[in-house]
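The values are calculated or read from the model by the stated rules, or taken from the named source; none is laboratory data. All of these numbers come straight from a predicted model, not from anything done at the bench. Cβ coordinates were reconstructed from backbone atoms using ideal geometry, including for glycine residues, and neighbour counts include every protein chain displayed. Surface accessibility is based on the protein's heavy atoms, side chains included, excluding ligands, DNA and RNA. Shrake-Rupley method; radii C 1.70, N 1.55, O 1.52, S 1.80 Å.
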Amino acid sequence: MESNKGPHGGPGTTIRYAPWPRPADSPPGATGSPVTLRVNDAPVEAEVDHRTTLLDLLRERLALTGSKKGCDHGQCGACTVLVDGRRVNSCLVLAVALDGCDVVTVEGLARTEDADGDLHPLQRAFLERDAFQCGYCTPGQLCSAVGMLAEAQSGQPSVVTDPDLATDGPVPLTDDEIRERMSGNLCRCGAYPHILEAVQDVVS
Amino acid sequence: MKPVSYLRASSVEEAASAHGGRTEARYLGGGTNLVDLMKLGVERPEVLVDITRLPLDGVREQPDGSVRVGATVRNSDLAAHPLVRERYPVVSQAVLSGASGQLRNMATTGGNLLQRTRCAYFQDLAKACNKRVPGSGCAAVVGVNHDHAVLGHSPHCVATNPSDLCVALAAVDAVVELAGPGGGRTVPVTEFHRLPGDHPELDTVIRPGELITGVLLPPLPRGAVSHYRKVRERASYAFALASVAAVLQLEGGEIRHAAVAFGGLAHRPWRARRTETALLGTRPSQESVARAVEAELAEAVPLRDNAYKVSLARDLATQVLGSLSTTA
Ligand SMILES: Cc1cc2nc3c(=O)[nH]c(=O)nc-3n(C[C@H](O)[C@H](O)[C@H](O)COP(=O)(O)OP(=O)(O)OC[C@H]3O[C@@H](n4cnc5c(N)ncnc54)[C@H](O)[C@@H]3O)c2cc1C
Ligand code: SF4
Ligand code: FES
Ligand code: FES
């Protein structure tokens, strides 16, 4: 299970490591360190205070304000991004811990392999299905759905998956599966029915 | 938050010596609990030792048939691993019924075992809390204690352990592996978490600077069936009000092995030993299962707001044991 994985493991489809050497760890006692990342396919080198979360690095330093801060405590999913292809809450990850990782935010979805360079199929489906109202949760919903589709494709179960399902194939995404797997993304506008339809459009 | 130093450890020895058992040092796993508590000011570390790149991320079968889960295995990888899904469905189900897909991708096995209580007063610096500040009192004893313990609490703390995974680990008699300044040791999960007693500031028996390196899942009895069920205030992405993990093995219609653990009811996963004893050797019927469950829950001492937990846990355990005994 360790093969072909970044520090965050993951199905492995979008793993790409920064091609330059890692800087040495900061001297003992320092409260900031240099980090090198790829963000939406672009190399990023930054000196970060160790307390900086990935979300704050993206929004405050890299001007990537697509990822939203809803709760800042892992409770809403508005900050969801992909790290080494896996969806995570960027408000609870320290940027310094991601040295060498590959980050994709909503701004980069259109440039991932499933997209046409203009929009990711999920973004198109969200538009077609009118899967938002205020749009605040949408970037997180989109990144979460991209990660979720890869998880189901790679055979990861959810709590509503039939326990007898073979462990070596993809998990079919019923409406219940999508609801459960997307439960980490709250929508205060209650756009859930249309979000479900949009995700289901991309599944089928 | 206080300024904090950071070291990315590449070996267990390096991690342990960087931590050194200092009160201001913390190991950093997925950060989903630690970073959260740092933002709240509940945790104020000055040294972070990142352990996520240690070579502890494997799930492997051991020569004796047990399965070893490394401490940095992410919760989602643990739940999805074929060895865990096939042999320990209760563990996989428990993990998957906790948190969200994103959080499970981040959270580690070791961090899950050491996550702190979700008691709202513990997280609120303005409130008295013996767990956060020993000797300051307990706001929950007289406050809103809807979510708190009904078993094993003390006048000093009525908090519950929030983990789903740990309830399942208790039911399969998993063993925690630790590395520390004094060498390695192992502790059964059922003895790893403490009851609050006079020292609610101590959640577990872990010693200063000790690192969890892994968890051992011993083989279940042949033909055993297992299940985890959790009740929460919404359908998903919420902590347990009450939950139950159960492992049953029947032979010729008689119960040969029974392990039952409750979550959400106590300061630690609560093994229902009285229920287990009452079940062993019996041919389960609806009445005998209900009596066995009652034997444990008769010990419950609910607080002002949480008497509902006793009947909820009774119904949950009766249902889970009933349906397991028809499939076993
Ligand atoms: C919104 C939300 C909802 C949640 N819902 C649930 C739920 O329903 N059910 C559930 O069970 N959990 C739930 N969780 C909690 C989650 O499961 C835990 O936060 C997670 O398991 C902690 O793992 P981590 O690796 O992120 O730990 P960290 O936050 O990195 O660490 C937690 C603690 O453990 C210590 N530590 C970490 N690893 C080790 C190690 N190997 N050795 C020694 N010390 C170590 C750290 O120093 C720290 O004190 C939820 C969390 C959030 C934020
Ligand atoms: S129940 Fe425990 S954690 Fe909650 S306020 Fe009381 S002492 Fe603190
Ligand atoms: S802002 Fe990260 S989960 Fe709410
Ligand atoms: S569209 Fe407004 S919060 Fe989801």
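Exactly one residue out of B:Ala79, B:Ala120 is closer than 24 Å to B:Val247 by Cα and of a type outside the set (Asp, Glu): that is B:Ala79. Residues in segment B:303-315 that are within 17 Å of B:Ala259 (Cα to Cα) and open to solvent by less than 10 Å² (accessible area, probe 1.4 Å): B:Ala313 alone.
Residues of segment B:250-287 that are of a type in the set (S, T, N, Q) and open to solvent by 20 Å² or more (accessible area, probe 1.4 Å): B:Thr277, B:Thr282, B:Ser285, B:Gln286. Residue under question is B:Arg118, and the condition is that it be within 19 Å of the chain's Cα centre (by Cα), within 30 Å of A:Leu82 (Cβ to Cβ) and open to solvent by 40 Å² or more (accessible area, probe 1.4 Å); does it hold? Criteria met by B:Arg118. Note on segment A:168-190: residues that are in contact with an Asp or Glu (Cβ under 8 Å, 6 or more places away or on another chain) and not in a helix (DSSP H, G or I) amount to 1.
Restricting segment A:114-129 to residues that are open to solvent by less than 90 Å² (accessible area, probe 1.4 Å) and assigned to a loop (DSSP other than H, G, I, E, B) leaves a set whose member that is farthest from A:Asp201 (Cα to Cα) is A:Gly117.
Of all the criteria given as (1) open to solvent by 30 Å² or more (accessible area, probe 1.4 Å); (2) more than 10 Å from chain A (Cβ to nearest Cβ); (3) closer than 29 Å to B:Met1 by Cβ, the one not satisfied by B:Gly41 is (1).
Filter segment B:1-35 for residues that are at the interface with chain A (Cβ under 9 Å from one of its Cβ atoms) and part of a strand (DSSP E or B); which is most open to solvent (accessible area, probe 1.4 Å)? Top of the filtered list is B:Leu7. For segment B:112-134, state whether one or more residues are part of a helix (DSSP H, G or I) and either more than 15 Å from B:Asn33 (Cα to Cα) or in contact with a helix residue (DSSP H, G or I) (Cβ under 7 Å, 6 or more places away or on another chain) (or both). Scanning segment B:112-134, I find at least one residue that is part of a helix (DSSP H, G or I) and either more than 15 Å from B:Asn33 (Cα to Cα) or in contact with a helix residue (DSSP H, G or I) (Cβ under 7 Å, 6 or more places away or on another chain) (or both), so the answer is yes. For segment B:101-123, filtered to residues that are small (Gly, Ala, Ser) and under 18 Å from B:Ala168 (Cα atoms), the residue that is farthest from the other protein chains (Cβ to nearest Cβ) is B:Gly110. All conditions in (1) more than 19 Å from B:Ala261 (Cα to Cα); (2) surrounded by fewer than 24 Cβ atoms within 10 Å (Cβ to Cβ); (3) within 11 Å of another protein chain (Cβ to nearest Cβ) hold for B:Pro89, with the sole exception of (1).
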